[in-house]
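Peer 1: What follows is a structure written as structure tokens; I'll ask about it next.
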């Protein structure tokens, strides 16, 4: 791992507008694919009982599927991981992300690994995605998904093996921004970490590297308004094409996303939007007008840990958040890592650092 303030600029915004929107497909859903034959989002699946994760089950932890409700009455589904053979009152961590993923992917891997290290962990599907409830499907909300993290704290704080005064949060990719937003408002959270963090409101509102002009933003909002009329007429929201179906010529970071989400040897999961579906076309609307990290300084005096890959196209999100936050804070840059390396590459994910951070600050 290295600490480094030299940012690697990405060149995607210098591509044509059509290329920028294509690059964002399945990741931030920034634009509209108006020529697509869109279909309504499907109903939530039933809850599975078998192990269907993208990583092997650990013999060191106990696992069970759980459900709980958020403040809006939506039933969330999570995987609870606990160290085996312990009667102690333990520290706990709520985990979610990436944006467009499910708990059977990266968040579950993080949760199980941290449970091996002595924490009770809960990896959950956000509202409207995966096995969690909420309709329509495949939609996100800066408010409701922030609430999902606090609902996970509710659940953990009522668990018999959890010390409710020792609860932390960990968000990955787009849910890194949600975790920071939730920690700022939810003072029950004693420490928060974000890995390979995206600020989804920033990228949807302004484009990558804040390259979207006011004229482009206005045109996009006008298109989204027209799509609302179409959705209202149809009676349900339309979705775009299946995410990350590469046609050639995509930016490298999109190829890397596909290398994780589409590979059955790595991260493919049939319930994941980024593997097998698409967000609703109007998904960007609330994000474009509700900045997530407006109160990031209010995480302090509770500690903040940001982790990002040295070669990640998204690195600037963590660097900007780090600059805006107040001590105690730490930014760890992982040498040689790109954005999706921190989804599942165990030799690159700094679990020792995360373990030390949570053990110290959830003591």
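Every number in this text was worked out from the coordinates using simple rules, so none of it is lab data. Not measured: the values here are computed from a predicted model. Methodologically, a virtual Cβ is constructed for each residue, glycine included, from the backbone with ideal geometry; neighbour enumeration extends over all protein chains shown.
Peer 1: Under a 10 Å cutoff between Cα atoms, tell me which one of 215, 111, 184 has the largest fluctuation in the Gaussian network model of the chain.
Peer 2: So, out of 215, 111, 184, the one fluctuating most is 215.
Peer 1: Then there's this: GNM on the chain, C-alpha springs below 10 Å: top fluctuator among 327, 245, 50?
Peer 2: Checking each option, the largest mean-square fluctuation is seen for 50.
Peer 1: Give me 47, 333 ranked fewest to most by other Cβ atoms within 10 Å of their Cβ, as a rough exposure proxy. List each step's numbers first, then the result.
Peer 2: Details: 47 12, 333 22.
The fewest-first ordering by Cβ neighbours comes to 47, 333.
Peer 1: Taking only Cα atoms and a 10 Å spring cutoff, compute GNM fluctuations for the chain and point out the largest among 301, 83, 284.
Peer 2: Greatest mean-square fluctuation among the candidates belongs to 301.
Peer 1: Further question: If I fit a long axis through the Cα atoms of helix 142-157 and take the longest principal axis of the Cα atoms of the chain, what angle between them do I get, 0 to 90°, rounded to 10?
Peer 2: Tilt of helix 142-157: around 20 degrees.
Peer 1: What ranking do 197, 288, 212, 204 get, fewest neighbouring Cβ atoms within 10 angstrom at the top?
Peer 2: Details: 197 34, 288 19, 212 23, 204 28.
With the fewest neighbours first, 197, 288, 212, 204 line up as 288, 212, 204, 197.
Peer 1: Relative to the longest principal axis of the chain, what angle (0 to 90°, nearest 10) does the C-alpha long axis of helix 106-116 take?
Peer 2: Long axis of 106-116 versus the principal axis of the chain: about 10 degrees.
Peer 1: Run the helix sum for the chain: -39,500 (n - 2.57) per DSSP H stretch of 4+ residues, divided by residue count, reported at 222 nm to the nearest 500 deg cm²/dmol. Write out the running numbers ahead of the final one.
Peer 2: Values: 12 runs with 118 residues, N = 363.
Rounded to the nearest 500, the figure is -9500 deg cm²/dmol.
Peer 1: Report, to the nearest 10°, how far helix 315-324 tilts away from the longest principal axis of the Cα atoms in the chain, using its own Cα long axis and a range of 0 to 90°.
Peer 2: Tilt of helix 315-324: around 60 degrees.
Peer 1: Do you know the relative contact order of the stretch 12-361, to the nearest whole percent, from alpha carbon pairs under 8 angstrom that are 6+ apart? Intermediate values should be presented prior to the final figure.
Peer 2: Numbers: 762 pairs, mean separation 68.2, N = 350.
Normalised by residue count, the contact order of the stretch 12-361 is 19 percent.
Peer 1: Taking the beta-carbon count within 10 Å as an exposure proxy, list 360, 330, 247, 131 from fewest neighbours to most.
Peer 2: On the way: 360 10, 330 16, 247 6, 131 22.
Fewest to most other Cβ atoms nearby, the residues stand as 247, 360, 330, 131.
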